[in-house]
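What follows is a single structure, written as structure tokens, with notes after it.
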Amino acid sequence: SLALTAGGALWSWGSGDDGRLGHGDQQRRQLLPKKFEALAGQRFVAVSAGDHHSLALTAGGNVWSWGYGSLGILGHGDTQQQLLPK
């Protein structure tokens, strides 16, 4: 799961399989919301959580994705798993 605060901070929790939480690991269960530190200082304006990957849009218009990269679903031009946003 992903959530945005009014100030644009991103939090994630739930299953961390395939790096889908974006914390740089594959923790099986993140039982409490954890602040997203990978892009500290960025202000997020939109997020989307897929089954095995996640995406976030910053106020500056940058799109970041992470998680399971099968079939190129992350949009990076490869099929690599991303534990951190790219």
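Given the options Asp17, Asp51, Asp25, state which has the largest fluctuation in a GNM of the chain using a 10 Å cut-off (strictly under) for Cα springs. Fluctuation is largest for Asp51.
Each of Arg29, Arg43 has its accessible area taken with a 1.4 Å probe; listed largest first, they run Arg29, Arg43. May I ask for the net charge around Gln80, where only other residues with Cβ less than 13 Å from the Cβ of Gln80 are counted and Lys, Arg are +1 while Asp, Glu are -1? Summing Lys/Arg as +1 and Asp/Glu as -1 gives -1. Within the accessible area of the chain, the carbon and sulfur atoms contribute 51%, probe 1.4 Å, all protein chains present.
Note that the chain presents 57 Å² accessible area per residue, ligands and nucleic acids not counted, probe 1.4 Å. Springs join every pair of Cα atoms under 10 Å in this Gaussian network model of the chain, and among Gly67, Gly22, Gly75 the largest mean-square fluctuation is at Gly75. Please report how far the C-alpha centroid of region 34-86 lies from that of region 8-24, rounded to the nearest whole angstrom. Centre-to-centre (Cα) distance: 9 Å.
Can you bin every Cα-Cα distance in the chain into 10 Å intervals starting at zero and give me the percent of pairs per bin, rounded to whole numbers? In order of increasing distance, the bins hold 20, 55, 23, 1 percent. For Leu71, the shell of other residues with beta-carbons less than 14 Å away shows a net charge of -3, using +1 for Lys and Arg and -1 for Asp and Glu.
The values are calculated or read from the model by the stated rules, or taken from the named source; none is laboratory data. In this text the structure is predicted, and so the values were computed from the model without any measurement. Using ideal geometry, Cβ is built from the backbone for each residue, glycine included, and neighbour counts are taken over all protein chains shown. Protein only, heavy atoms only, side chains kept; ligands, DNA and RNA dropped before computing areas. Shrake-Rupley method; radii C 1.70, N 1.55, O 1.52, S 1.80 Å.
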